[in-house]
Amino acid sequence: MKFLITGGAGFIGSALIRFLIKETEHELLNLDKLSYSGSLESLNNISTNSRYKFIKGDICNRKLISDIFFQFNPEVVVHLAAETHVDRSIDQPAEFVKTNILGTSIMLECAYEYWKRISGNKRFIFHHISTDEVFGSLGKKGFFKENTAYNPNSPYSASKASSDHLVRAWNKTYGFPTFITNSSNNYGPYQFPEKLIPLTIINALENKTIPIYGNGKQIRDWLYVEDHIQAIYKVITKGDVGETYNIGGNNEKSNIEVANAICEILDEIIPNKINNNSSYKKLIKFVSDRPGHDQRYAIDTHKIKKRTDWKPVETFETGLRKTVEWYICNADWYKNTKGNQYKRQGLGIIKKILKR
C-alpha cells in the first residue's frame with residue numbers, strides 16, 4: 001500500500017515511518033513543515049530507502065495537499081501533523097487553531113475530493129491520530145471510553161477535539177472512510193525535549209533543575225511509542241471503518257513518580273559525580289502549576305484489544321529504562337534538536353523550559 005503520513009518528522013510520525021520501512025513493504029510519503037519539533041535526523045537511518053519520500057510542506061497549503069493526493073495516489077493517510085504541547089497552546093492558541101482545525105479541514109476536503117474520484121477502484125483509509133486530552137480530566141476513579149463525552153480544558157485539547165469532530169462529520173455526512181484513535185501520553189526515543197520524560201532525563205544529565213508542575217500528583221497513562229505504532233497499524237489493517245479506538249499503556253503514574261523513576265535509573269547507570277554521587281532527585285523543583293491542568297487521564301483499552309488483538313508489549317519500567325538509555329547514548333540528537341528549534345521558531349516558552 002501507499003501511505004501518506006503528515007507530521008512524519010515528529011516524534012510519533014517518525015516512529016511510524018521507521019516501523020513501516022523496516023517491517024513492511026509499503027511505499028511512504030512523509031509531509032512535514034519541519035516546525036521546531038520536527039527532525040529529519042530522526043529518520044536518518046531510512047532516509048535513502050527507495051520506498052520513502054519526503055516533502056517539506058504545510059497541511060494548510062490547499063494546493064500542495066491536493067497535488068500530493070492526485071500525484072502520489074495514497075491508499076492510506078495517517079494524519080499526525082499537529083501542534084501538540086499544552087504550554088505552547090496557552091502561549092499561542094491561534095497557531096493550534098490554524099494547524100489542528102483549519103489544517104485538518106483542508107486535509108479532509110482534499111482527501112474527500114481524491115476519494116470520490118477513486119471510489120470503487122481501490123481501498124482508501126483516512127486515519128486521524130488524536131489524544132485522550134479531548135475527554136478532559138478524570139476523578140480518582142473511572143476510565144476514558146470511546147463514548148466518553150468530550151470536555152477539553154486547554155487550547156490544545158480543544159483544537160484536537162474540534163479536529164476529531166470534523167473527521168467524524170466527514171464519515172457520517174459523506175460516508176468518507178475514517179478511523180480516529182485517541183492515545184494516552186506517549187514516551188520513548190526521539191521525543192522532543194519539551195515533554196516531561198525527555199526534559200527530566202536531559203536536565204538531569206546536564207545537572208539542571210527538573211521542573212514539576214504544582215504538587216506533581218497529576219496522573220497520566222503512559223504508552224511506549226512503539227506500542228502505539230503497533231496499535232495504529234493494527235487499526236489500519238484490522239479495524240472497522242468509521243470507528244474510534246482508544247489506545248493506552250495501562251500504566252497510570254503521577255508526574256512526580258515518573259520523575260523519581262527516571263532519577264533512580266540514572267542514579268544506577270550514571271551516578272551524579274557533580275553532586276558527590278547524591279541522587280538526581282535533588283534536582284527536582286516544584287514550580288507554579290499550569291493553568292487548567294488536568295488531574296488524571298486513564299484509558300479503557302478493551303475495544304482495541306477485542307477488535308484488533310492489540311496489546312502493549314512494554315511495561316512502564318521496561319519502556320522507561322529503554323528511553324533513559326537511548327537519551328544517554330544519543331546526546332548529539334537532542335542537542336541538535338534543541339539548537340534547531342531556535343533557528344526555526346524561537347518561541348520564548350521553550351527557552352524558559354530548557355533553561356530551568
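Quick note: the coordinates plus some simple rules give every number you see, no bench work behind them. Here the structure is a predicted model, which means the values were calculated and not measured. Heads up, the Cβs are rebuilt from the backbone with ideal geometry, glycines too, and the neighbour counts pull from every protein chain shown.
If I ask for residues that are part of a loop (DSSP other than H, G, I, E, B) and in contact with a Leu (Cβ under 8 Å, 6 or more places away or on another chain), which ones from region 22-52 would you list? Steps first, please.
Here is the first cut: in region 22-52, the residues part of a loop (DSSP other than H, G, I, E, B) are 24-26, 33-39, 44-51.
Residues satisfying the conditions are HIS26, LEU34, TYR36, SER47, ARG51.
Residues ASN182, ASN203: which one is buried (at least 21 other Cβ atoms within 10 Å of the Cβ) and not in a helix (DSSP H, G or I)? Outline the logic, then answer.
Working: ASN203 fails: not in a helix (DSSP H, G or I).
ASN182 is the lone residue from the list that is buried (at least 21 other Cβ atoms within 10 Å of the Cβ) and not in a helix (DSSP H, G or I).
State whether the residues of region 159-175 include one that is hydrophobic (A, V, I, L, M, F, W, C), without any contact (Cβ under 8 Å) to a residue 40 or more places away in the chain and touching a helix residue (DSSP H, G or I) at 6+ places or on another chain (Cβ under 7 Å). First the steps, then the outcome.
Looking only at region 159-175, we keep the residues that are hydrophobic (A, V, I, L, M, F, W, C), and these are 161, 166-167, 169-170.
Those left that are additionally without any contact (Cβ under 8 Å) to a residue 40 or more places away in the chain: 161, 169.
Going one step further and asking which of them are touching a helix residue (DSSP H, G or I) at 6+ places or on another chain (Cβ under 7 Å), we end up with 161.
Yes, some residue in region 159-175 is hydrophobic (A, V, I, L, M, F, W, C), without any contact (Cβ under 8 Å) to a residue 40 or more places away in the chain and touching a helix residue (DSSP H, G or I) at 6+ places or on another chain (Cβ under 7 Å).
Might you let me know whether region 138-156 holds any residue that is β-branched (Val, Ile, Thr) and surrounded by 19 or more Cβ atoms within 10 Å (Cβ to Cβ)? Before you say what the answer is, go through the steps one by one.
Residues of region 138-156 β-branched (Val, Ile, Thr): 148.
Adding the requirement that they be surrounded by 19 or more Cβ atoms within 10 Å (Cβ to Cβ) leaves none.
The answer is no; no qualifying residue exists.
Only one of LEU80, LEU102 is touching a Gly at 6+ places or on another chain (Cβ under 6 Å) and closer than 26 Å to VAL134 by Cβ; which? I'd like the intermediate steps shown before the answer.
Working: LEU102 fails: touching a Gly at 6+ places or on another chain (Cβ under 6 Å).
Answer to the check: LEU80.
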